[in-house]
Each structure stands twice: as structure tokens, then as C-alpha cells.
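Derivation of every value follows stated rules applied to the coordinates shown; laboratory data play no part. Bear in mind the structure is a predicted one, so any value in this text is a computation, not a measurement. Don't worry about glycine lacking a Cβ; one is built from the backbone with ideal geometry, like all the others, and counts go over all protein chains shown.
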Amino acid sequence: MILFMKKGEFAFRLKEQTVTLRDGELLIFPAGTPYRVTARGDCDYLHLHFFPDEPLTDVGDQGPGTLILPQKMSFAQRPDQQEKIIRAIEGMASILHENHPYASMMLSAELSRFLVFVAMCHAEQTAPQSPLAFRRMQSYIQEHVGEPVTLSALAQISGLSRQYVMRLFKTYTGQTATQYIHAVKLAHAQKLLRENDASLEEISEQIGLCGAHYLCRLFRQHYGLTPGEYRQRFRREL
């Protein structure tokens with residue numbers, strides 16, 4: 001069972017424990033697990049239910065390489081990851097309704113990709129805390145999202161060499177410094193696209209990018225759709 005809370009709150013009685021799901025939280029538990037809803041308010045959520053007799057429940061064996069998945073995980077502070085979670089669940093739901101000879105194989109592949117992504121996010125969130133200098137650079141990027149952020153500026157505020165700054169980003173994010181900066185800016189662009197009718201030129205200026213064309217190119221590379229398509233999809237779902 002996969003549940004993702006887009007907005008609101010949902011409480012479950014799961015075996016012998018109560019689990020409450022809130023904004024931006026993902027819940028995963030084995031198919032066939034007894035559960036019941038104990039409290040439910042106004043909420044917007046996505047869910048997929050795989051039945052025990054389906055091969056999809058046997059994802060991975062115990063032993064080396066087994067995915068380490070949390071029962072519940074929060075993506076409230078990561079809008080970029082939230083978007084990927086939503087797209088993945090909606091994609092799997094779409095396959096479930098297809099009358100296609102390879103639908104089961106397609107669904108297995110998509111589910112495996114989804115679980116690997118969640119496991120990697122979990123590993124990232126539970127990794128040892130990054131150094132103070134790195135956290136200072138992360139804060140600087142968030143606080144200056146409307147400005148061009150350079151490697152030289154990060155080196156200066158952290159007191160580290162450019163080479164060491166690049167090494168820290170690769171170690172703690174798996175991305176280059178530039179990729180991380182773009183991810184932060186694009187997450188902010190998502191928020192602006194959802195909350196107002198500003199033009200792409202205005203949004204690119206607000207997040208410190210060089211024009212609407214560059215914003216569109218980065219947005220498509222990162223999310224697989226244009227800013228305009230993202231805005232239309234979000235408004236259709238309201």
C-alpha cells in the first residue's frame with residue numbers, strides 16, 4: 001500500500017499502532033497488512049493498493065542490496081522530491097487502468113524505480129549530518145535564490161577552496177554545486193507557478209536565471225515538462 005498526502009491529515013490504525021499522515025508525507029506498508037481509518041479530515045491524497053497475490057509485492061529479497069524503506073517519510077521540505085513522488089504514483093495508477101499485454105511488466109518496472117527513489121531519499125535524510133560549512137552554503141543558496149550564485153561566492157562564505165566546495169556538494173548531495181543551485185531555484189519556480197500568474201520572464205528574474213528560455217530548458221530537463229505544462233497540470237488538479 002502506498003499513500004502520499006498532498007494536503008490535509010489522515011489517521012490509520014495499522015496493526016497495533018496509529019499512524020497519522022500529514023502534508024508531504026509518504027506511507028508505505030506491505031500488501032495484506034490489516035488497517036482501518038480512524039480519523040479523516042478534508043484532505044487531498046494519492047494511493048495505490050497492490051494485492052498480496054500479485055508478484056508486485058515481492059520487490060527485493062532479504063540480503064545484500066535489499067532496499068531499506070521507511071514506513072513513513074516526510075517530503076514536506078522538498079517540493080522537488082514531492083513532485084517526483086506525485087508523478088510516479090500517478091504514472092503507476094495510469095498503467096493500472098491500461099488494457100495492455102505488458103501492463104504488469106511496465107508496472108513492476110515503474111514500482112521498482114519508485115521504491116529505489118524513495119530508498120535513496122531515505123538514505124539521504126538519514127545520512128550523517130553534513131559539516132557546518134556545507135550547511136552554511138545551503139542556507140546562503142536558499143536566502144539568495146533570486147540572485148546568481150557562483151562557486152566563488154560559496155567558497156568565500158564558507159572559507160573553503162573552490163575545489164573543496166565542489167567535493168562537498170558531490171559528497172553530500174550527489175550533485176555538482178551548479179546542479180544543486182539549479183534544483184533550489186527550480187523548486188522555487190514551481191512554487192511561483194502554483195501561487196501566481198507571473199510570466200515566465202518575471203519568474204526567471206525572481207529566481208536569478210537568465211531569461212524565460214533558459215528557465216524552460218532547465219525546468220524540462222529537471223521535471224520532464226515545461227513550466228507552462230506544470231502550471232496547467234496543477235490547476236487542473238485543483
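Can you find, within the stretch 211-228, the residue that is surrounded by the fewest Cβ atoms within 10 Å (Cβ to Cβ) among those that are in contact with a helix residue (DSSP H, G or I) (Cβ under 7 Å, 6 or more places away or on another chain) and not in a helix (DSSP H, G or I)?
Among those that are in contact with a helix residue (DSSP H, G or I) (Cβ under 7 Å, 6 or more places away or on another chain) and not in a helix (DSSP H, G or I), it is 211.
Only one residue in 235, 231 is part of a helix (DSSP H, G or I), within 20 Å of residue 78 (Cα to Cα) and either of a type outside the set (Asp, Glu) or without any contact (Cβ under 8 Å) to a residue 40 or more places away in the chain (or both). Which one?
Testing whether each residue is part of a helix (DSSP H, G or I), within 20 Å of residue 78 (Cα to Cα) and either of a type outside the set (Asp, Glu) or without any contact (Cβ under 8 Å) to a residue 40 or more places away in the chain (or both) leaves just 231.
Cβ-Cβ distance below 8 Å, separation of 6 or more or different chains: which pairs start in the stretch 82-104 with a residue that is within 26 Å of residue 122 (Cα to Cα) and end on one that is among the β-branched types (Val, Ile, Thr) and surrounded by 14 or more Cβ atoms within 10 Å (Cβ to Cβ)?
85/118; 89/2
Considering each residue of the stretch 147-205, count those that are of a type in the set (Lys, Arg) and either buried (at least 20 other Cβ atoms within 10 Å of the Cβ) or outside any helix (DSSP H, G or I) (or both), and give that number.
1
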